[in-house]
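> This is the structure, below, for whatever I ask next.
Please treat every number below as a calculation from the coordinates, not as lab data. In this text, all values refer to a predicted model and were calculated from it rather than measured experimentally. Here Cβ is always computed from backbone atoms with ideal geometry, including for glycine, and neighbour counts include all displayed protein chains.
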Amino acid sequence: MTTWVTPSIERIRPYQPGTPIEEVARRLGVRAPPEIIKLASNENPLGPSPLAIAAAQAELARVHRYPESESPLLRSALAEHLGVGAEEIVVGNGSNELLELLIRTFCSGDQRVVFAEPSFVVYRLACLAHGVPFTEVALDGYTHDLPAMARAVSPGTRLVFIANPNNPTGTHVGRKALNAFLDAIPPDVMVVLDEAYAEYAEAPDYPDGLEFRQQRPNTIVVRTFSKIYGLAGLRLGYAVMPRELAGYVNRVRAPFNVSSIAQAAGVAALRDREHVERSRSLNSTEKAFMQQRLAEMGLSVVPSQANFMLVNVARPAAGVYEALLSHGVIVRALPPLPSMLRISLGTRAENERCLAALQAVLG
């Protein structure tokens with residue numbers, strides 16, 4: 001039998017996104033919302049900023065032109081927002097592209113990557129896709145085991161990924177622990193802080209990854225517009241790194257990788273601080289509500305700093321997930337955590353409906 005691909009490609013199992021609303025509607029023979037709610041993909045239930053929608057609509061009249069390949073207006077807006085240089089920012093087609101670009105740019109077959117397990121599955125997929133060896137370090141009580149990750153770093157290690165807060169657990173590593181970890185890592189290792197959910201974090205010791213750039217210049221911070229900014233469908237992310245490293249990534253990055261619509265929406269979204277604050281406030285309120293109600297149902301919840309929570313249903317979660325679909329409620333079952341459901345935080349009405357369905361399924 002002909003082998004068409006490398007062994008690492010054979011090991012890849014395609015990424016399984018949250019079940020689309022439309023698929024469940026077809027299965028149940030009903031219309032889409034309000035009959036079906038989706039709490040599976042950690043999306044902002046308030047949607048995007050009205051300013052971002054208006055900017056995207058205005059840009060539609062110019063989509064016959066290629067976008068500016070360097071995303072200058074967006075990078076300038078991000079530089080002002082973050083207090084960094086525009087030349088230190090690389091914009092991507094979602095943060096996923098940037099994570100893969102870092103592996104493609106800086107790793108080869110003899111350079112390793114270290115990350116936690118379970119954590120964001122794209123780290124593993126990108127390594128396999130490019131034939132880069134990796135070491136997975138088990139979580140310690142649903143949280144990154146930073147001392148164990150430091151021990152896993154070998155002379156051949158080039159990149160370490162830390163999702164903070166972590167997906168799918170919602171846990172975080174604090175400033176003191178992260179500072180000690182960075183001090184323990186050799187200076188030629190790049191540490192990538194994947195902060196997709198940073199804007200939702202409320203813990204007093206949650207660290208802004210940009211704080212460590214002076215202490216450790218080759219720290220790379222990756223963030224996204226898909227979560228609190230509500231632009232998941234436009235695929236927009238960015239990374240902050242030293243100018244020299246950004247230059248190398250830009251050599252590998254595809255031209256026109258970010259659409260003009262996404263660029264315009266991103267600039268507008270950064271201006272709408274009120275929308276961000278409303279989204280953060282809603283998340284905080286609904287997280288407390290869900291934690292209390294789930295505890296009243298006798299279910300344990302992993303403390304979360306993100307816009308989702310990991311719930312132990314004390315039975316095979318895959319069956320509970322399927323049963324919830326019949327109630328028109330989409331959540332997420334996770335194979336590495338067989339008794340856990342990941343439930344995104346929605347509006348109060350969505351969360352109450354999820355709780356009612358969960359109560360009906362669990363009995």
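> Between Phe225, Phe212, Phe115, find the one with the highest GNM mean-square fluctuation for the chain; connect C-alpha pairs within less than 10 Å.
Phe212
> What's the extension gain from His81 to Thr347 if we count 0.36 nm per residue and subtract their Cα-Cα distance? Provide the component values of the computation, followed by the final result.
Numbers: separation 266, 0.36 × 266 = 95.76 nm, distance 2.80 nm.
Stretched fully, the His81-Thr347 segment lengthens by 93.0 nm.
> Measure off 7 Å from each Cα along the Cα-to-Cβ vector at Ser69 and Arg151, then give the distance between these two points in nanometres to one decimal.
Simple spin-label model gives 4.7 nm for this pair.
> What dipole magnitude, in Debye to the nearest 20, does the stretch 50-271 give about its Cα centre under +1 on Lys/Arg Cβ and -1 on Asp/Glu Cβ?
Its charge dipole is roughly 460 debye.
> Could you rank the peptides 189-201, 297-309 by their average count of other C-beta atoms within 10 Å per residue, with the highest value first?
Output ranking for 189-201, 297-309: 189-201, 297-309.
> Here's another thing I want to ask about it. Could you sort 88-94, 320-326 so that the peptide with the highest average Cβ count within 10 Å comes first and the rest follow in order?
88-94, 320-326
> 222 nm [θ] for the chain, helices only, -39500 (n - 2.57) per DSSP H run of 4+, per residue, to 500?
One gets -12000 deg cm²/dmol as the mean residue ellipticity at 222 nm.
> Express the relative contact order of the chain as a whole percentage, based on alpha carbon pairs under 8 Å and six or more residues apart in sequence.
With pairs under 8 Å counted, the relative contact order is 24 percent.
> Hey, can you rank 77-86, 169-178, 144-153 by average C-beta count inside 10 Å, highest first? Before the final figure, lay out the partial values.
Numbers: 77-86: 15.4, 169-178: 21.0, 144-153: 18.6.
Top to bottom by mean Cβ count within 10 Å: 169-178, 144-153, 77-86.
> Using a 7 Å offset from the Cα along the Cα-to-Cβ direction at both Ala177 and Leu362, what is the distance between the two label points in nm, to one decimal?
Between Ala177 and Leu362, the simple spin-label model gives 2.5 nm.
> With springs only between Cα atoms under 10 Å apart, run a GNM on the chain and tell me which of Pro186, Pro45, Pro204 wobbles the most.
Looking only at Pro186, Pro45, Pro204, the largest GNM fluctuation is found for Pro204.
> How big is the antiparallel share of DSSP beta bridges in the chain, given as a percent to the nearest 5?
Numbers: 20 of 39 bridges.
Among the beta bridges of the chain, antiparallel pairing accounts for roughly 50 percent.
> Pop the C-beta distance of Gln291 and Ala129 into the FRET formula with R0 = 30 Å and round what comes out to the nearest 0.05.
E between Gln291 and Ala129, to the nearest 0.05, is 0.20.
> Enter the Cα centre distance for the pair the stretch 139-204 and the stretch 64-94, rounded to the nearest angstrom.
26 Å
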